[in-house]
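Peer 1: Shown below is the structure under consideration.
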Amino acid sequence: MSPLVWNDDAEHHIRFIPLSYDSHDSEASALKLIYTLMPQWASEDSKVELIRFTDGITNTLLKAVNRRPGLSKEDVDREAILLRAYGNRTDLLIDREREAANHELLMKYKLAPELLARFENGMLYRFVSGTVALPADLRRPDVLAAVARRLAEWHALVPCLPDASLTNGHANGKLNGSHCVKAATTGPHGKLIPNVWTTLQKWVRVLPTATDAQRKQQAQLQRELDLMMERLGQRPGLGHQGLVFSHCDLLCANIIIHSDVEGGPAQSVSFIDYEYGTPSPAAFDLANHFAEWAGYECDYSAVPTRSQRRAFITEYIQTYFRLRGETPDINQEIEKLMAEVDVFRGLPGFYWGIWSLIQAMISEIDFDYASYAEERLGEYWAYKAETDGSRAASNKDMPLREKTWSQGQ
C-alpha cells in the first residue's frame, strides 16, 4: 500500500483578516470584510450587493457581487465572493482548523473553489456558479449520475487528511496509509486519528446532561454508538484501511449543478461546504447522501429505491476504479457496495439526530432542531428494529422509509 502524503509545501498561505461578521449588524460587518479583501470594490464605479442564501441551517452564507458598469452576469458571477460565517458555538460540532485544511486540500485536486481568506468567525471564497440542487433534482438520472461521478472523484483521488498535530516531527508530513484507520486506532502520541467515528464520539460527549432525562438519553446513545463502532467500525471497504476522504454532508443544498444551457441536463456537479469532511467508510458517505433525498421535510417516500441506488452505485464504482487505475470485477464491486450501503443506512439518522440535539442547545437559527432530532433518530431506531427483527416480531407495519428503501430491484 502506498503511503498517504499530506503535501504541505504551501504552508497555509491563506490570508487571515482580523475582523468578525456580526449577525446583528450583518450588512456593515460583511461589507467591511469584503472591502478589506477587495479594496478596489470601494471605488466610485462599484456597485456592491449582498445576497443572502437561506438553504443552510447551520451557518450564515452571503454572496457579494460587484455590478460594475459593462459587466455581464457571467462576469459578475466570476468575480463574486461567498462569505460564510459560522453559526453560534458550532466549534462544539466542527473543527474549524480542520475545515480550512479540508478546503485547501480539495483545492489542490481542483475539487473546491479558491479559498480567498479566513476571518475570526468564517471564511471568504470564490462563488461557484451553477444551479443549487433541490431535493427533487437528486432523483433525475442526469444529476444522479453526475453526483456519483463527482463523489467517486473525491473518494478515489483525495488522500485521507491527517490531523496537523500528528504530522509534527514527521519529515515532509508523511503518514503511512495504516495511520488512516478506524475508530479505536491511535496515531503518534496516542491521539485518535480524526474520522467519522471520533466525530460521533465527540458529539455524544457534549450532549446536554443537565437533567435526569438528558443523562439517560446520553447514556443510551453512547451504548448505541459503542455497538455500532464494534459492528461497523472494522468492516473492509474502499480506500486506505477501508476509509476514504468523505464529504459527510451531501444534501441537495451542497450540490451545484452545471449545465450547458439553463434548465438543461447536468453536465457535471460541484460540491460545496466541507466542514464535516473527514475520513469515513465510503458506504456511509453514500448512505448519508441517499438519506438526504428526503430533504429537511423528511419525506421518506423520496428516499432512493434499490434500483435507484444501483444506478448510482454502478456509475460510482465504474468511475472510482477507472480513476484508481484498477480493474476488478465491476459487477462484484457493485454488489459489495450495495450491501455495505444497506448496512450503513441507519447511521445517517443517528449522526444527524445527535447533531440536532446539540444544535437545539446552541443554535440561534430559527429552526426546530428538537423535532428534527427526534425525526432523524427515529430513522435509526426504525433501521435497528428492521435489522434485529423486533419490528416484524411485534407485527408492526414497516415504516415508510424502510418500505421505500426496500422497493425496486
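The values are calculated or read from the model by the stated rules, or taken from the named source; none is laboratory data. Predicted, not measured: the structure shown is a model, and the values here were computed from it. We place every Cβ from the backbone using ideal geometry, glycine too, and count neighbours over all the protein chains shown. Each accessible area value is taken on the protein alone, full model and side chains, heavy atoms only, with ligands, DNA and RNA left out. Shrake-Rupley method; radii C 1.70, N 1.55, O 1.52, S 1.80 Å.
Peer 1: Contact list please: Cβ distance under 9 Å, first residue in the stretch 196-225 and of a type in the set (S, T, Y), second residue loosely packed, with under 14 Cβ neighbours inside 10 Å and part of a helix (DSSP H, G or I), pairs at least six apart or on different chains.
Peer 2: Listed by first residue and then by second, the contacts come to T209/R215.
Peer 1: Another one. Out of everything in the stretch 91-104 that is farther than 25 Å from M38 by Cβ and either part of a loop (DSSP other than H, G, I, E, B) or hydrophobic (A, V, I, L, M, F, W, C) (or both), what residue ends up being modelled with the lowest pLDDT?
Peer 2: Restricting to residues being farther than 25 Å from M38 by Cβ and either part of a loop (DSSP other than H, G, I, E, B) or hydrophobic (A, V, I, L, M, F, W, C) (or both), the top hit is L92.
Peer 1: Conditions first: (1) open to solvent by 20 Å² or more (accessible area, probe 1.4 Å); (2) in contact with a strand residue (DSSP E or B) (Cβ under 9 Å, 6 or more places away or on another chain). R223 passes all but one, so which condition is the exception?
Peer 2: Result: R223 passes all but (2).
Peer 1: On to the next question. Within the stretch 72-86, can you find the residues that are out of contact with any Lys or Arg (no Cβ under 9 Å at 6 or more places or on another chain) and crowded, with 21+ Cβ neighbours inside 10 Å?
Peer 2: Within the stretch 72-86, R84, A85 meet the criteria.
Peer 1: Within the stretch 298-346, count every residue that is touching a residue at least 12 places away in the same chain (Cβ under 8 Å), not in a helix (DSSP H, G or I) and not β-branched (V, I, T).
Peer 2: Of the residues in the stretch 298-346, 6 are touching a residue at least 12 places away in the same chain (Cβ under 8 Å), not in a helix (DSSP H, G or I) and not β-branched (V, I, T).
Peer 1: Residue by residue through the stretch 93-122, note down the ones that are more than 16 Å from the chain's Cα centre (by Cα), more than 23 Å from I257 (Cα to Cα) and surrounded by 15 or more Cβ atoms within 10 Å (Cβ to Cβ).
Peer 2: Listed by number, the residues that qualify are A117, R118, F119, N121, G122.
Peer 1: Also, I was wondering about something else. Only one of these conditions is not met by F344: (1) at pLDDT 95 or above; (2) open to solvent by 10 Å² or more (accessible area, probe 1.4 Å). Which number is it?
Peer 2: With (1) at pLDDT 95 or above; (2) open to solvent by 10 Å² or more (accessible area, probe 1.4 Å) applied to F344, the lone miss is (2).
Peer 1: Restricting to the stretch 226-265, and then to whatever is within 13 Å of the chain's Cα centre (by Cα) and assigned to a loop (DSSP other than H, G, I, E, B), can you tell me which residue is surrounded by the most Cβ atoms within 10 Å (Cβ to Cβ)?
Peer 2: So, considering only residues that are within 13 Å of the chain's Cα centre (by Cα) and assigned to a loop (DSSP other than H, G, I, E, B), the one surrounded by the most Cβ atoms within 10 Å (Cβ to Cβ) is H247.
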